[in-house]
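Some notes on the structure that comes next.
We did not get these values from a lab; they are worked out from the coordinates using the rules stated. Keep in mind that this is a model prediction, so the values were computed, not measured. With ideal geometry, Cβ positions are generated from the backbone for all residues, glycine too; neighbour counts draw on all protein chains shown.
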Amino acid sequence: MFGVVIRMGNPVMDGGTAGRTLMGMADLLRPSAVRAAATLRLADHVAASSGNLEEMAERTGTRPELLDVLLRYLVDIGLFRRDASGQYGITDLGTPLLENSPESVRRHLSVDGLFGRADAALIGLTHTIRTGEPCHVATFGHGYWEAVNESPEFAEALQHADESGLSWDMETILESYNWSDVDSVVDVGGHNGTLLAELALRNPGLRGTLVDLTNVVEVARRKFSAQRLDDRCEAVVGSFFEPLPTGADVYLLSAILADWSDEQAVEILRRCAEAANPHGRVLLAEVNMPMHDAYLELWIRATMPAPVREVSELVALAERAGLRLTWEGPVTQVRSMLEFAPTTP
Ligand SMILES: C[S@@+](CC[C@H](N)C(=O)[O-])C[C@H]1O[C@@H](n2cnc3c(N)ncnc32)[C@H](O)[C@@H]1O
């Protein structure tokens, strides 16, 4: 209370244009109110409501007097309107908060959802800048990928976000490597199965095993079934920090290491080296984050470590894990293709 009073009497708030602009840029209330509206599904409740605030509070599990303040503020910022009788309605700007709007952003903004939670952790950005630790870890006690696997809804959210298909230059993985000699591949951290399914479709002799955490594996299994690939592609629950299925020709790591520190990356590579012994190969198809976009890079750094590594650094990590470079493929703007073989039997 006193803080509010002090801030309202602050000359920065009352005067200087730049100060006001900055205070507006740094404002946290507006985004929090928009996200509260998304989380509480207020647009849908307003659309279905008879106008009775008590009833809407009951449905949203909120306190009527505070729900009223929130709705009034959302009117002030143009997401809702209120007629003379006090009945609320949705404006054009507020329409994407409806669950079934073609442009719906409700799930994305909900603080109960995967992306909304990750965004909420951004308040700890200073911690990340100081320490390098993702503020997601500092805020929730675990990383982004553990969160994905915490709730089936989170994995589904990721699947919807990934419906774009072969993203991040996956075509380079499919086309630059000689898959015709490969009988079996383990897609380590293979996610929703998009890449493995495409590999199997383009290489009819190839069998694949995808290893990932629980919820993601469910999504991958459904994809393999839908594409009638169950006889050649399986998805198994496992961690790349634990022993992996042994004896495959290729252990594929696509866009994995960027999410982990050097020590963790070496551990993952070592698990692949152990499983690949003695004749298998480890194929690194690492992503290179676009450095020119500071906004994206800050978001990613706040959410996961995502170090951007040069080819020489990747090779050095692999050597620490008992792997030697056997093939250097293309290095595109977003991918580095490198093949390794275990050095020790
Ligand atoms: C950035 S995605 C990469 C997915 C995929 N390989 C691709 O190229 O799109 C990272 C994947 O690693 C998985 N993952 C995270 N921690 C894991 C662990 N300990 N063991 C296995 N998979 C894990 C995540 O669930 C996610 O599917």
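Before moving on, here are some points about what is shown:
- Efficiency of FRET between ASN178 and GLU146 - r from beta-carbon atoms, R0 35 angstrom, step 0.05: 0.50
- A simple rule links phi to the HN-Hα coupling: the Karplus curve 6.51 cos²θ - 1.76 cosθ + 1.60 with θ = phi - 60°, which for the range 53-65 gives 5, 4, 5, 5, 5, 4, 5, 9, x, 10, 8, x, 5 Hz, with x for Gly and Pro.
- Remark: the range 213-260 carries a charge dipole of roughly 220 debye about the Cα centre, counting +1 on each Lys and Arg Cβ and -1 on each Asp and Glu Cβ.
- Only helices enter this figure: runs of n ≥ 4 DSSP H residues, each worth -39500 (n - 2.57), summed and divided by the residues of the chain, yield -13000 deg cm²/dmol at 222 nm to the nearest 500.
- Choice from ILE129, ILE268, ILE173 showing the highest fluctuation, given a GNM over the chain with Cα pairs closer than 10 Å: ILE129
- Size descriptor, Kirkwood hydrodynamic radius, that averages inverse alpha-carbon separations across the range 193-283, Å: 13.7
- Estimated translational D of the chain in µm²/s (Stokes, Kirkwood radius over Cα pairs; 37 °C; 0.692 mPa s): 143
- For the range 52-202, the residue among CYS135, LEU66, ILE90 whose Cα projects farthest onto the positive side of the dipole built from Cβ charges is LEU66.
- Other residues with beta-carbon under 13 Å from the beta-carbon of VAL137 carry, at +1 per Lys or Arg and -1 per Asp or Glu, a net charge of -1.
- For the residues LEU66, LEU42, LEU98, a GNM of the chain with alpha-carbon springs under 10 Å puts the largest fluctuation on LEU66.
- Taking a ≥ b ≥ c as the square roots of the eigenvalues of the alpha-carbon gyration tensor, the range 76-203 is classed oblate because a/c is 1.5 or more while a/b is no larger than b/c.
- Taking amide H positions as modeled 1.01 Å from N, with prolines and chain starts lacking one, the residues under 5 Å from LEU210 and 5 or more places away or on another chain are ASP187, GLU234, ALA235, VAL236.
- Note on CYS272, CYS135: ascending count of other Cβ atoms within 10 Å places them as CYS135, CYS272, the fewest first.
- Separation in nanometres of the label points that stand 7 Å from Cα toward Cβ, at SER32 and LEU125: 1.7
- Projecting the Cα atoms of GLY189, PRO31, GLY238 onto the dipole axis of the chain, where Lys and Arg carry +1 and Asp and Glu carry -1 at the beta carbon, places PRO31 farthest toward the positive end.
- Given their separation in residues at 0.36 nm each and the Cα-Cα distance between them, ASP231 and ASN52 gain 58.9 nm when the chain is fully extended.
- Sparsely packed loop sites in the range 237-345 (the GluC sites (Glu not before Pro) outside DSSP H, G, I, E and B with at most 15 other Cβ atoms within 10 Å) comprise GLU310.
- Stretching THR214 away from GLU297 to a fully extended chain increases their span by 27.1 nm, per 0.36 nm per residue minus the current alpha-carbon distance.
- Loop-resident GluC sites (Glu not before Pro) (DSSP state other than H, G, I, E or B) in the range 159-258 with no more than 16 further Cβ atoms inside 10 Å of their Cβ: GLU163.
- Largest GNM mean-square fluctuation across VAL137, VAL216, VAL282, computed for the chain with C-alpha springs under 10 Å, falls on VAL137.
- Check: the chain dipole with +1 on Lys, Arg Cβ and -1 on Asp, Glu Cβ, in debye: 620
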